[in-house]
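These notes are about the structure you will find just below.
The values are calculated or read from the model by the stated rules, or taken from the named source; none is laboratory data. Model, not experiment: these values are computed from the prediction. Please note: Cβ atoms are built from the backbone with ideal geometry, for glycine as well, and neighbour counts cover all protein chains shown.
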Amino acid sequence: AVTGVQTCALPICFPMITGLHHVAIAVRDIDATAAFYRTTFGLPGIEASETLPDQGVRAAFIPLGNCRIELLQPLRDDTTVGRYLAKHGEGLHHICLETDDINGELERIATTGVALIDQTPRHGLAGLIGFLHPRSTGGVLIELVQVTGDGGALAVSHDGRVLRVLIAKPGLDGHDRGAKVVARALRDAGMEVIYTGIRQTP
Ligand code: CO
């Protein structure tokens with residue numbers, strides 16, 4: 001028998017990356033930048049906008065075919081994007097690849113030796129997101145997103161014996177009864193549960 005050799009019946013491919021979701025630009029003024037893209041290229045106005053305190057930014061999307069331009073405006077100077085602006089000025093900040101399984105992708109990519117900024121997904125403007133470190137990706141900050149859409153999304157990860165469940169759902173603000181019941185049951189079972197809403201304001 002052959003020993004010490006692992007074979008896999010599956011072809012080597014990465015079907016879980018499904019496309020380019022957005023290209024992100026660091027800006028000082030979202031509204032002024034959106035106006036520039038509208039008057040210069042005839043693009044529509046902002047489609048979704050949200051303040052993300054944990055990331056220290058206000059973020060907004062300009063729709064563009066099956067892709068988007070994301071505008072990131074820092075809430076304060078002492079934030080990641082604030083420091084980026086101080087150092088580089090306005091400009092390209094990151095690209096975002098879409099996946100249908102953010103947990104699976106982060107776990108798989110980690111096994112290839114690429115450094116992750118986020119070991120587990122967190123809440124972003126479009127859904128569940130995770131960043132890869134640019135030192136492992138040729139200098140490009142790469143974000144992955146699993147779009148939650150109308151049906152919401154569930155991400156499950158484990159760290160030792162702690163199971164972490166993240167429920168993301170549009171409009172979920174802590175008052176969704178079904179999500180509350182599910183979250184309580186999971187917590188009673190000893191799991192860490194984080195649930196978060198995706199609120200999109202036109
Ligand atoms: Co982004």
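In table form, for the structure just shown:
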{"item": "Any hit, segment 74-94, residues being in contact with a Leu (Cβ under 9 Å, 6 or more places away or on another chain), assigned to a loop (DSSP other than H, G, I, E, B), charged (D, E, K, R) and within 13 Å of the ligand (Cβ to nearest atom)", "result": "no"}
{"item": "Within segment 47-73, tally of residues that are among the charged types (D, E, K, R), assigned to a strand (DSSP E or B) and farther than 16 Å from Arg28 by Cα", "result": "1"}
{"item": "Qualifying residue in segment 102-115 (condition: surrounded by fewer than 16 Cβ atoms within 10 Å (Cβ to Cβ), modelled with pLDDT of 95 or more and within 13 Å of the ligand (Cβ to nearest atom))", "result": "no"}
{"item": "Subset of segment 62-95 (residues that are aliphatic (A, V, I, L, M) and in contact (Cβ under 8 Å) with a residue 12 or more places away in the chain)", "result": "Ile62, Leu64, Ile69, Leu71, Leu72, Leu75, Val81, Leu85, Leu92, Ile95"}
{"item": "Condition check for Thr7: modelled with pLDDT of 95 or more, exposed (fewer than 11 other Cβ atoms within 10 Å of the Cβ) and outside any strand (DSSP E or B)", "result": "no"}
